[in-house]
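Some notes on the structure that comes next.
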Amino acid sequence: MNILVCIKQVLDPETNLVVDPDGKWVAPTHAPRYQLNRFDEYAVELAVQVKEKLDGTHVDVITVGPESARTILERALGMGANDAVHILAENDSPLPPKTVAEWIAEHARTKSYDLILTGAMSEDLMQGQVGPMLASTLDYAWATAVMEAELSNGEVRVSRELEGGVRHHLVLTLPALLAVQSGINQPRYPILSNLLRAKKQEVPVIDSRNLEASHPRVEVISASLPGRIRDGIMLEGDPAQSADRLVSLLKDKALI
Amino acid sequence: MTDVVLVAETNGLDLLPINMEMATLATKLGPSITAVVLGDAPDKAAQTLAKQTGFNTIAVQSPALADYTAEGYIKVLTPFLDELKPGFVLIGHTANGSDYAPALATGLSAGCITAVEGLETENGPVFKRAVYGGKFEILVKPLFPTTVLTISQGSFAPVESPSVVGTVERREVQVALTATRSEGRTLTTTEASGLDKADVVVAGGRGMGKRENLKLLDDLCAILNRSAVAGSRPLCDMGWLPYNRQVGLTGVTVSPKLYMAFGISGARQHTAGMKGSGFIVAVSNDPQAPIFSLADVGVVADVKEFIPALIERLRNE
């Protein structure tokens, strides 16, 4: 079985960000730290678990991102993926999901993948578009918000998470794409020896400037800080002082 | 030709409240609106929709549409929308809506904007949505003739009762599902957590740091009457709390008198489940955490220092 896992590098959630001078996007105020998109960790783990259960399974990971994204490819290799592919693209402004899907599709067509896995969404753009778009582009069956996946005989049985604790059970014919929900498994920590080996592993790099991209269909025209939803106050001082003030406030309002 | 097509969100038979909110957005996007309900028995829902929105509604019927499947919806909606060529297709930002909307856009050569929270119309319609967990909002402008939008719940007020009832047209379609088989739904049986009955909800997020630190939440609850411990999704994903204690879009919605969020950033997926709370207190060591714009009282602090100080202070009462 051939599996492709699509992963993305995202900023450490506690990175300090500001709207850039153009007012069109956001930028970190200090040297950024990146990590593997949380949802994609679950996708890599799922692929590696399938590989461990099914002999002859090969797992490729792919990312569209800047040079620094090599690190997350190494992490995925360290978790047990076999090979990685890096589509090099700058990340100073958000790439249209359609473009990302097209670039990944171009690679995917060079190999016959039975299963393509992605995370449900990225933590930065929070759009959840690349998965279904990629499936549609490749004419694969797909399911998103997947909380369970079981492969057998050219099919995959999945449970999708709906609202209110409801699960929808479906069977898809392979080849299929699954966008997995967080909590589907417990992603492993990469073994150090695997990570060290991954650092030396050759990863083909495809310069996205040599790839075609269809015309963007939407444009981000501005970014801003959201307005306050409630007119709240911020307490100052050390924890003991703030705690003191908070208790007084809550007592005044008869909330405690 | 129609300006807007609203694809109704149903749970199989009944219309969901989000449709009334999408209807409001539809009225701001164009005078000519068509609603569509898909299903095996869509007539009743279509009639209700036509009555409550005033939109002309098409009930598209097929046994293959009894359960939602991406394949079924795409196969039915694509030729239908190719025919109508609307400027906008409105879909609910729900688990199902999000499942097919981007693929529908691809097949229609349309743009796609998901999790829309607002509309601005100064220079043509542009759509507001959140990024970076809600720390920032962006405005997205459509560049193509048709744009598929998924609309987040709670973003628009429900549409007002119209003066005229819309027409209902029934269409029976043939759909062959070749790659998908629906095997129905189940409810994940989790014992009730009693979260919805608590007067005070004490919730922890990733800022709690380590699993052992959740004891601080238990200790706090022990002092507060009618309180319960809850958590954000990531804590439940890690197995620190059972999923029946998850507050958020895919978990429980609560509106207690007092909601205390410790180490929770306040991403949309979480705030969707608690933004109706009476009084919100948020403690986080990230001054940019979006939870602070929703809090009545905010404290920038390390929860591991703040909670013990709070417990100490409460014990002295």
Residue hits (segment A:78-103; touching a residue at least 40 places away in the same chain (Cβ under 8 Å), within 13 Å of chain B (Cβ to nearest Cβ) and either part of a helix (DSSP H, G or I) or charged (D, E, K, R) (or both)) are A:98, A:99, A:102
Evaluate the following for residue A:186: is it under 16 Å from the mean Cα position of the chain (by Cα), surrounded by fewer than 16 Cβ atoms within 10 Å (Cβ to Cβ) and in a loop (DSSP other than H, G, I, E, B)? yes
Among the residues in segment B:116-130, are any touching a strand residue (DSSP E or B) at 6+ places or on another chain (Cβ under 9 Å), farther than 21 Å from residue B:20 by Cα, part of a helix (DSSP H, G or I) and more than 9 Å from chain A (Cβ to nearest Cβ)? no
For this session: Could you please let me know if residue B:84 is under 24 Å from the mean Cα position of the chain (by Cα) and surrounded by fewer than 23 Cβ atoms within 10 Å (Cβ to Cβ)?
Result: no
Tell me, yes or no, whether segment A:190-204 has at least one residue that is polar (S, T, N, Q), at positive phi and either free of Cβ contacts under 8 Å to residues at least 60 places away in the same chain or within 11 Å of chain B (Cβ to nearest Cβ) (or both).
no
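Report the residue count in segment B:24-42 for those that are out of contact with any helix residue (DSSP H, G or I) (no Cβ under 6 Å at 6 or more places or on another chain) and small (Gly, Ala, Ser).
4
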Against the definition (touching a helix residue (DSSP H, G or I) at 6+ places or on another chain (Cβ under 7 Å) and either crowded, with 21+ Cβ neighbours inside 10 Å or more than 8 Å from chain B (Cβ to nearest Cβ) (or both)), how does residue A:124 come out, yes or no?
yes
Discussion item. So, residue B:243, is that one closer than 30 Å to residue B:98 by Cα, buried (at least 22 other Cβ atoms within 10 Å of the Cβ) and either free of Cβ contacts under 8 Å to residues at least 24 places away in the same chain or within 12 Å of chain A (Cβ to nearest Cβ) (or both) or not?
Written reply: no
Taking segment B:294-308 and keeping only residues that are surrounded by 20 or more Cβ atoms within 10 Å (Cβ to Cβ) and at the interface with chain A (Cβ under 7 Å from one of its Cβ atoms), one is left with B:294, B:295, B:297, B:298, B:299, B:301, B:306
Among strands (runs of 3 or more DSSP E) completely within segment A:1-68, the ones holding 2 or more residues that are within 21 Å of residue B:234 (Cα to Cα) and within 13 Å of chain B (Cβ to nearest Cβ) are A:9-11
Residue A:66 vs (1) surrounded by fewer than 15 Cβ atoms within 10 Å (Cβ to Cβ); (2) free of Cβ contacts under 8 Å to residues at least 60 places away in the same chain: all pass except (1)
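Only the coordinates and a few stated rules stand behind these numbers; no lab work does. Quick caveat, the model's predicted, so the values are computed rather than measured. So basically every Cβ, Gly included, is an ideal-geometry build from the backbone, and we count neighbours across all protein chains shown.
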